[in-house]
Amino acid sequence: MEKTIELIIIIMLLAIMAEIYLLVKPRRHAGSSTQMPILVDTSVLMDGRVVDLAKTGFLLGQIIVPRSVLIELQLLADGADHAKRERARFGMDVMKELKDVLGGSFTLLDDATRIPEGVDNRLLQLAKEMNAAILTLDYNLNKVAQVEGIQILNINELAKSLRMSYLPGDELVLELTQKGQDSHQAVGYLHDGTMVVVEQAKKFLGQKKRIEIIRSLQTDAGKMMFAKVCAEPKEAVQHSLAQAAPKQPKQRSTGRRPQTSKAAKPDAPRAAAQSHRSTRPKTQSQREADLIRMVNEQ
């Protein structure tokens, strides 16, 4: 009797464990596929940067290329337009490379062999049916998808958000707040804390000046930029000189010839001694090393 009761208890425990397993297993499976699938547009394949994006691991979820997109690539590759033909053939190579990089995360979806409504409308329809995002560079498709509430991933917007705030050649107005490492330099800071070293700007300390970015360096403490003061327009320079120059009183003419004083000859030995005592200027690499050391110490 006792053995029968023990057997019944064991069977009940096994049944309970089996039921718990069946309840938990589908939940785990659903949790592993929470990433939104991504539909790839023709423009992205013809661009090619999607492969580099996939190699970095930033493309999460299932990457889906509909067969309608592949058909559009084939039509463009066989077309008469030379530029589009070359880009379409490049896009087909990109799709093959993307498949090799992603492996099981890549899917070629057999959606349709004929697309009378057009590839863009087909992508919008698939995105709604699959609750997927669209990876595209097409401006019009981007706008239509936003109106219809479909999530859009745009590589151009990603690249724009990751680029440096200022590039060589860009101009901006910067307040110069402190002295630089060299005697002629002044330093200011961007809104994100980036140090900007401005050459030949010590005399402008405490002022806001328009500067031009020359180049940038990446240090352990972050980014650092070098710049120069932009040349002021001739009209502004003449106006500032006219305001700064003191008015000279008119001299009365006495009829006498003005006496000219002979210019004193410079003391040649003293000038030679002073030039001999001057220190040798630092090289560009030495100045940059000093600046990087100063930034890292802050």
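Each value in this text was obtained by applying a stated rule to the coordinates, not by laboratory testing. The shown structure was predicted, so the numbers you read here are calculated from the model rather than taken from an experiment. Here Cβ is always computed from backbone atoms with ideal geometry, including for glycine, and neighbour counts include all displayed protein chains.
Per-structure values
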{"item": "Within the stretch 157-199: backbone nitrogen closer than 18 Å to the Lys143 label point (7 Å, Cα to C-beta)", "result": "157"}
{"item": "Cut-off under 5 Å, modelled amide H: who pairs with Leu109 long-range", "result": "Val65, Arg67"}
{"item": "Computed label-point distance, nm, for sites Lys99 and Lys228 using a 7 Å Cα→Cβ extension", "result": "5.4 nm"}
{"item": "Set Lys160/Lys209; Lys179/Lys208; Lys160/Lys223; Lys179/Lys228; Lys208/Lys228; Lys55/Lys128 screened for pairs whose C-alpha atoms are more than 20 Å apart", "result": "Lys160/Lys209; Lys55/Lys128"}
{"item": "Two-site label geometry, Ile214 and Lys55: point separation in nm, points 7 Å out along Cα→Cβ", "result": "3.4 nm"}
{"item": "Estimated FRET transfer efficiency (Gln200, Glu157; beta-carbon r; R0 45 Å; 0.05)", "result": "0.75"}
{"item": "Measure of compaction for the stretch 133-188 (Cα Rg per 2.2 N^0.38 Å)", "result": "1.98"}
{"item": "Within straight-line cross-link reach of Lys99, aspartates and glutamates at Cα separation under 19 Å, skipping those fewer than 8 residues along the same chain", "result": "Asp41, Asp47, Asp52, Glu72, Asp110, Asp111"}
{"item": "Placed amide H near Gly180: partners under 5 Å, 5+ positions off or other chain", "result": "Gln185, Ala186, Val187"}
{"item": "Sequence ranges 36-43, 4-11, ranked by mean other-Cβ count within 10 angstrom, highest first", "result": "36-43, 4-11"}
{"item": "Table column - 3J(HN,Hα) (Hz), the stretch 198-213, Karplus curve with 6.51, -1.76, 1.60, x for Gly and Pro", "result": "9, 6, 6, 10, 4, 5, 9, 4, x, 10, 9, 10, 7, 10, 10, 5"}
